[in-house]
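Here's the structure, in structure tokens; my notes come after.
No value in this document is a laboratory result; all are computed from the given coordinates. Model, not experiment: these values are computed from the prediction. Here the Cβ is made from the backbone with ideal geometry for all residues, glycine too, and neighbour counts use every protein chain on show.
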Amino acid sequence: MKKQLPQHIAIIMDGNGRWAEVRGRNRTFGHLRGARVAREMIEACSELGIENLTLYTFSSENWLRPLEEVSFLMALLSRHLKRERANLVKNNIQFQAIGELSRLPQSVLDEVEATTEATSACTGMKLTFALSYGGRQDIIGAVKSLVAEGVPADQIDEAAIESRLLTKGMCDPDLIIRTSGESRLSNFFLWQSAYSEIYITPTLWPNYDESELNKALEWYRTRERRFGRTTAQLNQQKSSGQKRDQVPELAPPQ
Ligand code: IPE
Ligand code: IPE
Ligand code: MG
């Protein structure tokens with residue numbers, strides 16, 4: 001059963017504001033509920049045996065929101081990390097944050113560092129908060145590092161870029177879930193999503209739950225991941241035990 005589970009799930013947790021607004025409440029009420037759902041989904045994924053879970057928590061562009069909302073989100077994040085730290089350790093979950101972390105207020109940075117440190121010896125699920133994260137900024141950072149190291153053009157390949165992305169060492173997301181019905185990536189994992197299966201649900205993040213997660217996982221099981229090949233090739237690969245990135249031998253020209 002575990003074989004059909006995605007190794008890496010990434011979630012674009014969207015719809016907090018709308019969820020609150022339809023209830024005549026302030027958007028911040030939606031963020032509060034959203035944080036609770038995030039905690040539940042972290043536990044659910046860990047119990048399922050998911051190896052990597054990435055939560056898109058705050059985008060590079062979210063800094064453009066009204067100051068009041070940004071301040072609320074930062075304070076919420078800080079409190080959430082402080083409160084959840086012991087739970088993460090108890091569940092053997094290793095935490096890290098990726099993004100332009102230097103833009104975060106010191107209070108959030110302190111909690112991020114304390115949580116990373118406290119969970120560093122955990123060997124279970126790897127939980128990543130994409131925080132102040134932008135896919136374009138990630139790629140720019142990788143390119144800058146290649147240039148700064150003076151890497152010659154003929155040595156720039158996928159592996160060279162991957163080793164300089166913020167996700168270095170992590171596998172690409174197999175499944176990306178976006179809530180709230182929006183069918184866009186909003187600057188999330190632009191490089192890493194090249195072959196991700198993308199599941200969009202109209203459910204708003206504060207209403208997301210384990211049954212919704214199971215629906216996404218069931219859908220994922222029905223996907224045929226071809227990585228550019230044909231179905232016939234995949235079947236042949238399976239029966240011969242060939243690896244995905246092995247280039248097939250071309251038939252000689254007629
Ligand atoms: C997602 O919910 C949370 C963050 C982006 C921080 P939104 O706040 O984007 O909620 P909607 O999309 O406006 O409903
Ligand atoms: C994406 O949601 C960012 C996060 C979920 C953290 P947004 O609500 O910011 O995306 P857009 O603006 O609708 O594309
Ligand atoms: Mg949104």
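Under the condition of being buried (at least 22 other Cβ atoms within 10 Å of the Cβ), more than 16 Å from ligand 2 (Cβ to nearest atom) and assigned to a helix (DSSP H, G or I), the residues counted in the stretch 1-55 number 1. The residues on offer are 205, 191, 219, and the sole one that is within 22 Å of residue 6 (Cβ to Cβ) and within 16 Å of ligand 1 (Cβ to nearest atom) is 205. Looking only at the stretch 1-19, filter to residues that are near ligand 1 (Cβ under 10 Å from one of its atoms) and touching a residue at least 24 places away in the same chain (Cβ under 8 Å); which one of those is nearest to residue 186 (Cα to Cα)? Once the filter is applied, the top-ranked residue is 12.
Taken together, 196, 180 contain a single residue that is touching an Asp or Glu at 6+ places or on another chain (Cβ under 7 Å), within 16 Å of ligand 3 (Cβ to nearest atom) and touching a residue at least 24 places away in the same chain (Cβ under 8 Å), which is 180. Scanning the stretch 168-180 for residues that are under 11 Å from the mean Cα position of the chain (by Cα) and crowded, with 22+ Cβ neighbours inside 10 Å yields 173, 176, 177, 178.
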